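S.K.: Take this structure first; my questions come after.
The values are calculated or read from the model by the stated rules, or taken from the named source; none is laboratory data. Being a predicted model, the structure only gives us computed values, none of them experimental. Because the Cβ atoms are built from the backbone with ideal geometry, glycine has one as well, and the counts that use them run over all protein chains shown. Accessible surface is based on the protein model in full, side chains and every heavy atom, while ligands, DNA and RNA are left aside. Shrake-Rupley method; radii C 1.70, N 1.55, O 1.52, S 1.80 Å.
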Amino acid sequence: MMQKNLLVRIFFLLIISLPFQSLAQKSLSNINQALRYSRYSRLGLKIIPVQMSETQFKVQFIAEKIEENPEYNAYSFSYALLDSYDIPIEPEDTQLFGPADLVYDTDRHWVFEKTITIEEGKEQLMVLFTALDTRQGDEYHYHIDLKSAFVESHPTFGAYYANEVPFDQNYLNAGEALLFKTTQGPTLHSFYYPMNFDVPYPPMETKPAPVPKELEVVDQGDFLENIPKQLDQLGYYFFQQDTAEASGLLLKTTHEAFPKVKDWDEMVEMVTYISTRKEHEDLLAASDKKKALDEYWLKLTRNPETAKELIREYFRQVEFANILFTDFKEGWKTDKGMVYIIMGPPQEVTFSLDREIWSYQGIGESSKIRFTFARVKNILTPHYYTLNRSRAYQPVWFKNISQWRSGKMAF
């Protein structure tokens, strides 16, 4: 009897010690999606919808294979249709992908496809794509608004690799080509923007960033679907089925080394986040950028080996920022890219309809540092976010920059 009572007490203690969220019912707004930004993720998920009609979509679910030689049976793939970010995700909301749903299995991707119909008059519907790593229990998530106040409609066409797998990046090296396919046919329209953007203000700078008075745009006219289209110039392109529509497809074109750093001039530009104004001005003015950068890194660390490690870590962060956050700007120039480079990958990532929140562990066990990115409605991309800046970020920001400069930052 005593042994039975002891087991009951142990069980009770285990239950009450569980985090509250594990007891609460899961919803899109309380799922931690930090794995989508982890440097050690084994998969990269993406959802690409193609609008077939006012209420019907062909939805492509793409799992990029990041780990080497992954086994399909090591994962369980599913999707859910949700009316809001806050409603509980019930078991009946989740549908497993079966073998018939897998339309492509290539060296780099698993691609699933579903036709989804929205009820007439429905104002909001979210699609959640989940991959469960059955070996260690990690859950990868990616979601989109199929319909919401931030997304009026989706493109009626898609971009594809040469092997006809949906193109799942936001950037393409200039000079390469993509294939476009449309449900409306036979032509699409393209605009080219030869823009180069400034780096963002730091999180504690509350004054608004300058906005270009004029936006240069080159109307490139119509082009035919199903014929490879080469994108030759650096900048970004915007494609539409009809120029009167409120949706389209944005594609950033980059130099051939992207997402890595191209040359010493670009490297000088990128160290602005951890440099003083005087240091950065001196680097920009230097005639020999390589020599100036060597002296800069060595002066920071006073140790050649530490300097090498610091350079490797910093530009690895830049590369990840470019892969994850590129839109019409290079990823490292976005608000998310800036925070990611300095603070590292967030420990928690949660979404609501109008915001994305990144959380980092603070000084104490119970304290957290949160960066809130507000969602902004934008014709170019349905996933455009800007950081809510505050002077309260100043202590933690300077602390992390000091760690970078001493060569102690590691993620």
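S.K.: May I ask you to say which residue of Asp93, Asp101 is surrounded by 15 or more Cβ atoms within 10 Å (Cβ to Cβ) and closer than 22 Å to Leu353 by Cα?
M.R.: Result of the check over Asp93, Asp101: Asp93.
S.K.: Condition check: under 18 Å from Asp168 (Cα atoms), more than 23 Å from the chain's Cα centre (by Cα) and not charged (D, E, K, R). Does Leu96 satisfy that?
M.R.: No.
S.K.: Across segment 177-198, what is the total count of residues that are out of contact with any Ser or Thr (no Cβ under 8 Å at 6 or more places or on another chain), closer than 19 Å to His154 by Cβ and open to solvent by 50 Å² or more (accessible area, probe 1.4 Å)?
M.R.: Within segment 177-198, residues that are out of contact with any Ser or Thr (no Cβ under 8 Å at 6 or more places or on another chain), closer than 19 Å to His154 by Cβ and open to solvent by 50 Å² or more (accessible area, probe 1.4 Å) number 1.
S.K.: Something else: For segment 48-62, give me each residue that is open to solvent by 10 Å² or more (accessible area, probe 1.4 Å) and either farther than 14 Å from Thr183 by Cβ or small (Gly, Ala, Ser) (or both).
M.R.: Residue satisfying the conditions is Ser53 alone.
S.K.: Still on this model: Looking at segment 335-347, can you tell me whether even one residue there is of a type in the set (Lys, Arg), open to solvent by 20 Å² or more (accessible area, probe 1.4 Å) and over 29 Å from Tyr236 (Cα atoms)?
M.R.: no
S.K.: Continuing with this model, one more query. Within the set of pairs 6+ apart or on separate chains, which have a first residue in segment 30-43 that is farther than 27 Å from Ile87 by Cα, a second that is of a type in the set (A, V, I, L, M) and open to solvent by less than 50 Å² (accessible area, probe 1.4 Å), and C-beta atoms under 6 Å apart?
M.R.: Ser41/Leu35
S.K.: Follow-up. Can you find a residue that is under 30 Å from Phe191 (Cα atoms) and either open to solvent by 40 Å² or more (accessible area, probe 1.4 Å) or out of contact with any strand residue (DSSP E or B) (no Cβ under 7 Å at 6 or more places or on another chain) (or both) anywhere in segment 365-377?
M.R.: Among the residues of segment 365-377, at least one is under 30 Å from Phe191 (Cα atoms) and either open to solvent by 40 Å² or more (accessible area, probe 1.4 Å) or out of contact with any strand residue (DSSP E or B) (no Cβ under 7 Å at 6 or more places or on another chain) (or both), which makes the answer yes.
S.K.: Only one of these conditions is not met by Arg135: (1) surrounded by 15 or more Cβ atoms within 10 Å (Cβ to Cβ); (2) closer than 24 Å to Thr94 by Cα. Which number is it?
M.R.: That leaves (1) as the condition not met.
S.K.: Applying the selection to segment 297-312, what residues are open to solvent by 20 Å² or more (accessible area, probe 1.4 Å), free of Cβ contacts under 8 Å to residues at least 60 places away in the same chain and either touching a helix residue (DSSP H, G or I) at 6+ places or on another chain (Cβ under 9 Å) or not acidic (Asp, Glu) (or both)?
M.R.: Of everything in segment 297-312, those that are open to solvent by 20 Å² or more (accessible area, probe 1.4 Å), free of Cβ contacts under 8 Å to residues at least 60 places away in the same chain and either touching a helix residue (DSSP H, G or I) at 6+ places or on another chain (Cβ under 9 Å) or not acidic (Asp, Glu) (or both) turn out to be Leu298, Lys299, Arg302, Pro304, Lys308, Ile311, Arg312.
S.K.: Can you confirm whether Ala392 is surrounded by fewer than 18 Cβ atoms within 10 Å (Cβ to Cβ), in contact with a Phe, Trp or Tyr (Cβ under 8 Å, 6 or more places away or on another chain) and either of a type in the set (A, V, I, L, M, F, W, C) or part of a loop (DSSP other than H, G, I, E, B) (or both)?
M.R.: no
S.K.: What is the residue count in segment 211-268 for residues that are closer than 30 Å to Ala285 by Cα, open to solvent by less than 90 Å² (accessible area, probe 1.4 Å) and among the aliphatic types (A, V, I, L, M)?
M.R.: The number of residues fulfilling the criteria is 4.
S.K.: For segment 123-178, what are the residues that are in a loop (DSSP other than H, G, I, E, B) and in contact with a helix residue (DSSP H, G or I) (Cβ under 9 Å, 6 or more places away or on another chain)?
M.R.: Thr134, Arg135, Asp138, Gln169, Asn170, listed by residue number.
S.K.: Pairs only if they're at least six apart or on different chains, beta carbon under 7 angstrom, first in segment 100-113 and in a helix (DSSP H, G or I), second among the aliphatic types (A, V, I, L, M); list them, first residue then second.
M.R.: Every condition considered, no pair remains.
S.K.: Which condition does His109 not pass, out of (1) of a type outside the set (Asp, Glu); (2) surrounded by fewer than 15 Cβ atoms within 10 Å (Cβ to Cβ); (3) at pLDDT 95 or above; (4) out of contact with any Leu (no Cβ under 7 Å at 6 or more places or on another chain), if it passes all the others?
M.R.: Of the numbered conditions (1) of a type outside the set (Asp, Glu); (2) surrounded by fewer than 15 Cβ atoms within 10 Å (Cβ to Cβ); (3) at pLDDT 95 or above; (4) out of contact with any Leu (no Cβ under 7 Å at 6 or more places or on another chain), the odd one out for His109 is (2).
S.K.: Give me the strands (runs of 3 or more DSSP E) completely within segment 194-292, filtered to those with at least 2 residues that are at pLDDT 95 or above, touching a strand residue (DSSP E or B) at 6+ places or on another chain (Cβ under 9 Å) and under 19 Å from Gly331 (Cβ atoms), ordered by residue number.
M.R.: Fully inside segment 194-292 and qualifying: 235-240, 249-254.
S.K.: Need pairs with beta-carbon distance below 8 Å; first residue closer than 16 Å to Lys299 by Cα and within segment 264-286, second among the hydrophobic types (A, V, I, L, M, F, W, C) and open to solvent by 30 Å² or more (accessible area, probe 1.4 Å); sequence gap 6+ or separate chains.
M.R.: Val268/Leu284; Thr272/Val199
S.K.: Name the pairs: first residue in segment 339-350 and free of Cβ contacts under 8 Å to residues at least 24 places away in the same chain, second residue in a loop (DSSP other than H, G, I, E, B) and among the aromatic types (Phe, Trp, Tyr), Cβ to Cβ under 9 Å, at least 6 apart or on different chains?
M.R.: none
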